[in-house]
1. Report the rotationally averaged projected area of the stretch B:2-270 based on its alpha-carbon convex hull, in square nanometres.
2. Label-point separation (nm) for A:T290 and A:D206, each offset 7 Å from Cα along Cα-to-Cβ?
3. Hey, if you put +1 on the Cβ of every Lys and Arg and -1 on every Asp and Glu Cβ in the protein assembly as shown, which of B:G165, B:N24, A:I260 ends up farthest toward the positive end of that dipole?
4. In the stretch B:115-163, which chymotrypsin sites (Phe, Trp or Tyr not before Pro) are in a loop and have at most 14 other Cβ atoms within 10 Å, using DSSP for the loop call?
5. Semi-axes of the equivalent ellipsoid for the stretch A:263-372, please: Cα gyration tensor eigenvalues, times 5, square-rooted, ordered largest first, whole Å.
6. Can you list the trypsin sites (Lys or Arg not before Pro) in the stretch A:243-287 that are in a DSSP coil and have 12 or fewer other beta carbons within 10 angstrom?
7. Calculate the FRET efficiency for B:Y148 and A:K358 from the Cβ-Cβ distance with a Förster distance of 60 Å, rounded to the nearest 0.05.
8. Taking the Cα centre of the protein assembly as shown as the origin, how large is its charge dipole in debye, to the nearest 20, when only Lys and Arg (+1) and Asp and Glu (-1) carry charge on their Cβ atoms?
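Any read-out appearing in this document is the output of simple, stated calculations on the displayed coordinates, not a laboratory observation. Since this is a predicted model, take the numbers as computed values, not measurements. Heads up, the Cβs are rebuilt from the backbone with ideal geometry, glycines too, and the neighbour counts pull from every protein chain shown.
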Amino acid sequence: MMQGNEACVEGAIAAGVRFFAGYPISPATEIAELMAEKLPRVGGAFIQMEDEIASMAAVIGASIGGVKSLTATSGPGFTLKQENLGYAAMVEIPCVIVNVQRGGPSTGMPTLPAQMDVMQSRWGTHGDHPVVVLCPSTVYECYVLTIKAVNIAEMLRVPVIVLSDAIVGHIREKVVLPDPGEIEIVERKKPLVPPEGYLPYRADEDGVPPFITYGKGYRYHITSNNYDEGGFPATNDHKVAHALINRLHAKIEKRRSEIIVTEEYMLDDAEVVIFAYGCTARSAYSAVETAREQGIRAGIIKALTLWPFPREVFRKLGGRVRTVIVPEMNMGQLVVEVEAALKDNPARVVPLNRVDGKMITPGQILDLVKEVI
Amino acid sequence: MAVHVDRYLRLHKMPHIWCPGCGNGIVLGALVRAVAELGCSRDEVVVITGIGCSARTNAIIDFNTFQTTHGRALSFATGFKLARPEMKVVVVTGDGDGLAIGGNHLIHSARRNIDITTILINNSIYGMTGGQHSPLTPAGSYATTAPYGTLEPVFDACRLVEGAGATYVARGTAYHVVLLQRLIARAISHKGFAFVEAVSQCPVGFGRRNKMRTPSEMMRWQKDHAVTVKAAAGMSREQLRGKILIGEFVNRNLPELTEVYGRLIREAQSRPGGE
Ligand SMILES: Cc1ncc(C[n+]2csc(CCOP(=O)(O)OP(=O)(O)O)c2C)c(N)n1
Ligand code: SF4
């Protein structure tokens, strides 16, 4: 038996995370507490910082120091992390942020679940930045998606967000973890050139520049101002800015198929499809089982990657599906993307929203399925 | 000691962006000479900055350098130092960067006694953004956001970090550059949180609005108002009014964070269940 938050910790350590900086906040605190206990045992370091701005900064600092790093928080803290999350995206420092969502806005409902930070996870920081967001709905997924998050962060030199929620973070489930030998671990790409030939931001074909920490003979500069391949400010250089911002986005777009994970259930003959993610996907599964028992052809698309948005999965729907239901514990955030992905498809998109801190129940989803069929 | 600073500079990044007469270059010179005096290799030194004119120091010095977000350099440095305790970490900050937006990080870095040297260039103003008042703009002086003169009092950054737990605290000026170099060298070799305030001049953002038309007038002000800790001991309160104290205020040995944490790691790993 393991809790979702605990599974994030186990996944992080299995993936090679050896630094954590955080600030206490429900419902994410267990992650910090467990990290404080476990990291020194594997030779890593934990620090409780003075706030979330500082903890995000410390995580990036440690990652520049060559150590895989992670932090965890919830709504109000996630907002404070945005400043330096943007820095990590801009200067391409691998790091992982777990956001165990709770009800907002502001301090809202500190211990109750929500899915209100979907858009914040995509657009929370300023500037047109790239980001990857993964979203678990089970304890097992907390484990594997945290590993995947660390791997993507290291592979692409990007901040990756694990968007959990109070239900998934606190639920206890039986899990069978993969053997350590079976887990794929990615290390950041090192330069193949000697220090004299190293340009810290000269990207390879895949759009990712090789990365080496300080103290190994490679001295270079990092700046969050618009920068050139040498890592120095080129603050008002339009050409450099154009190439940089495009590259930062392209390195993610090029790897969509490796980043995007979705799950399909009973989709082949489905007339009604529920597009769900996070804790809401749990209710969706249960609703579809009941619907099938009653002879209703319902199916599921579950998104484990929210950003980049998995629009390609909707191609499979063809013209058969009449309705796509999008249950979300917010006023309708990802539904906008679903509508965009289905703009050339006759299927109707119907949102199902709940913002009172209670989970969307299987019954609620089932009722809507029956209504739209 | 005469040192050729050139080999510590990224000469291909010159000219720098500072205004003529700016004190930042003098502080940079003191830092580079201090590192040379200590015989540190360029590879073992990391210089981290935030945002501001002061932050531009590290783009032109040939160490491991990174510029971070406004006020947060110490938090980045804390993570870096915990990850790489063997590296010498120096943070260069401004009076706005380090004391306004970054004030809380400064207090807590001092409290942790983490082995980071912080050089705070105090030019009494927000230089980069064009002369707005900072927490160290003397009451009554003019700034673009204080067109009628500042109303708020300043505070003493050295006493602040001393109270917060810093184990090395000193102040120098751009005028007293030899002293400044010595203080920075001691700060870097000190094990623990070391803080050096470098009183400097911003002729463009501060001087010309405050009846000091030239950089040399501003440096003369430093010369006339600075009193060494030693000399101050024999002076009355009255005599010290309006003066700035320079020299070493604190130099004490207390447990340093990364050393203590390193011990914790070794103990945790030797226990059953450790890796
Ligand atoms: C979050 C944020 N707020 C404001 C700014 C704008 N800004 C840039 S530099 C600066 C002030 C720097 O003043 P100081 O630290 O005194 O350094 P100086 O330029 O005088 O060396 C400000 C407010 C910013 N870059 N980021
Ligand atoms: S504005 Fe002031 S601090 Fe900035 S470079 Fe000019 S003189 Fe120096």
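1. For the Cα atoms of the stretch B:2-270, the hull's average projected area reads 14.6 nm².
2. 4.5 nm
3. About the Cα centre, the residue reaching furthest to the positive side is B:N24.
4. Numbers: sites: B:Y126, B:Y142, B:Y148, B:F155; in loops: B:Y142, B:Y148, B:F155.
Those satisfying the criteria are B:Y148, B:F155.
5. Working: eigenvalues 67, 61, 29 Å².
Its equivalent ellipsoid spans semi-axes of 18, 17, 12 Å.
6. On the way: sites: A:R247, A:K251, A:K254, A:R255, A:R256, A:R282; in loops: A:K254, A:R255.
When the trypsin sites (Lys or Arg not before Pro) of the stretch A:243-287 are filtered for loop state and at most 12 Cβ neighbours within 10 Å, nothing remains.
7. Values: r = 55 Å, r/R0 = 0.92.
The pair B:Y148/A:K358 has a calculated efficiency of 0.60.
8. Details: 68 positive and 65 negative charges, 398 e Å.
Using Cβ point charges on Lys, Arg, Asp and Glu, the protein assembly as shown gives about 1900 debye.
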